[in-house]
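What follows is a short report on a single structure.
The values are calculated or read from the model by the stated rules, or taken from the named source; none is laboratory data. The structure presented is a predicted model; accordingly, all values stated were derived computationally and were not measured. Backbone-built Cβ (ideal geometry, glycine too); neighbour counts: all protein chains shown.
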Ligand code: MTE
């Protein structure tokens, strides 16, 4: 996604970092072992348990192994390489953690994370996760619906958007001394998108607390949008009447729109969005409109030109 020192576009149709021989052979092995079923599925990818709450998955979707979910990350506050977040985020201190809820709400407050999550019960939900860089994963997240948390703050009638802001602390985040993005990292949703039951405030993955590199202790996951909407390590949620200025849109307005709905028909100016590489798999898969969640969310965008509002 980087804007500065752009690598050639061949690198940007991301060949995951599977030049590691063992993993590369694994994916070939997976293809051989399951040749009659789904030749692209890798052998060590855990199956979706039959009792799991899985949303928008296809028949042959397997979960992306923990190792990949936690070592192939984007979290520019720790550096721009996919391995940087796992290598350098041990300095982040997710406990204790304060979340400020403010703006156009009747009940603005500073919460400790535990109070912020009360009285909700954490839910496990398996979602597809599609990065704008044309790679994807299937991730078992743990979290609470964003809508129920927002309702507690009681948005006023004038609230139209929700802005999410990441921690910006150079002592904990080595990457924020590099102006590769405007810090703090900010993301936003329209209020009706934020109220959609699929939008999740995530505290965990694979049944465990979020590792720092995945956005501990609290991050957003909006499964029908490109992954950059999933603001990590959130310290502030602000309800506004104006469309928030978001980090990637500021960095590259023609490349990263406010909506960021997964859309195979609208290419990124520097690469195609028609296909994606599931991390760990060998062959590319076709990208689905709204990342496979069209039945649930397409109505939010009725009448909107999705080629202009990318
Ligand atoms: N949040 C912050 N604060 N900083 C970031 O650089 N990167 C985004 C998003 N959230 C990012 C962020 C991008 S581009 C993606 S694809 C997802 O996080 C990646 O989430 P994951 O590393 O858990 O897969």
query: Has the stretch 162-171 got any residue that is more than 13 Å from the ligand (Cβ to nearest atom) and either more than 28 Å from residue 268 (Cβ to Cβ) or in a loop (DSSP other than H, G, I, E, B) (or both)?
result: yes
task: Select, from 132, 139, the only residue that is touching a helix residue (DSSP H, G or I) at 6+ places or on another chain (Cβ under 8 Å), part of a loop (DSSP other than H, G, I, E, B) and crowded, with 20+ Cβ neighbours inside 10 Å.
output: 132
- request: With the condition kept exactly as written, say whether any residue in the stretch 257-274 is at pLDDT 95 or above, surrounded by fewer than 17 Cβ atoms within 10 Å (Cβ to Cβ) and farther than 23 Å from residue 74 by Cβ.
  value: yes
field: Condition check for residue 188: touching a residue at least 40 places away in the same chain (Cβ under 8 Å) and over 17 Å from residue 260 (Cβ atoms)
entry: no
task: Only one of these is surrounded by 14 or more Cβ atoms within 10 Å (Cβ to Cβ) and part of a loop (DSSP other than H, G, I, E, B): 82, 95. Name it.
output: 82
task: Can you confirm whether the stretch 101-124 contains a residue that is under 19 Å from the mean Cα position of the chain (by Cα), more than 10 Å from the ligand (Cβ to nearest atom) and closer than 30 Å to residue 1 by Cα?
output: yes
field: Subset of the stretch 236-251 [within 10 Å of the ligand (Cβ to nearest atom) and either modelled with pLDDT under 95 or out of contact with any helix residue (DSSP H, G or I) (no Cβ under 6 Å at 6 or more places or on another chain) (or both)]
entry: 247
message: Just the residues that are on the phi > 0 side of the Ramachandran plot and in a loop (DSSP other than H, G, I, E, B), please, taken from the stretch 258-310.
response: 260, 280, 303
field: Positions within the stretch 60-73 being surrounded by 19 or more Cβ atoms within 10 Å (Cβ to Cβ), out of contact with any helix residue (DSSP H, G or I) (no Cβ under 7 Å at 6 or more places or on another chain) and assigned to a loop (DSSP other than H, G, I, E, B), in sequence order
entry: 61, 62, 63, 64, 65, 72
Residue list for the stretch 234-249, filter: more than 25 Å from residue 276 (Cα to Cα) and not in a strand (DSSP E or B): 241, 242, 243, 244, 245
field: Positions within the stretch 49-59 being part of a loop (DSSP other than H, G, I, E, B) and farther than 19 Å from residue 277 by Cα, in sequence order
entry: 49, 50, 51, 52, 53, 55
message: Pull out all pairs, ordered by first then second residue, where Cβ-Cβ is under 6 Å, the residues are six or more apart or on different chains, the first lies in the stretch 237-251 and is more than 22 Å from residue 148 (Cβ to Cβ), and the second is at pLDDT 95 or above and in a helix (DSSP H, G or I).
response: 248/228
- prompt: Residues in the stretch 126-148 that are closer than 19 Å to residue 187 by Cα and touching a residue at least 60 places away in the same chain (Cβ under 8 Å): how many?
  reply: 7
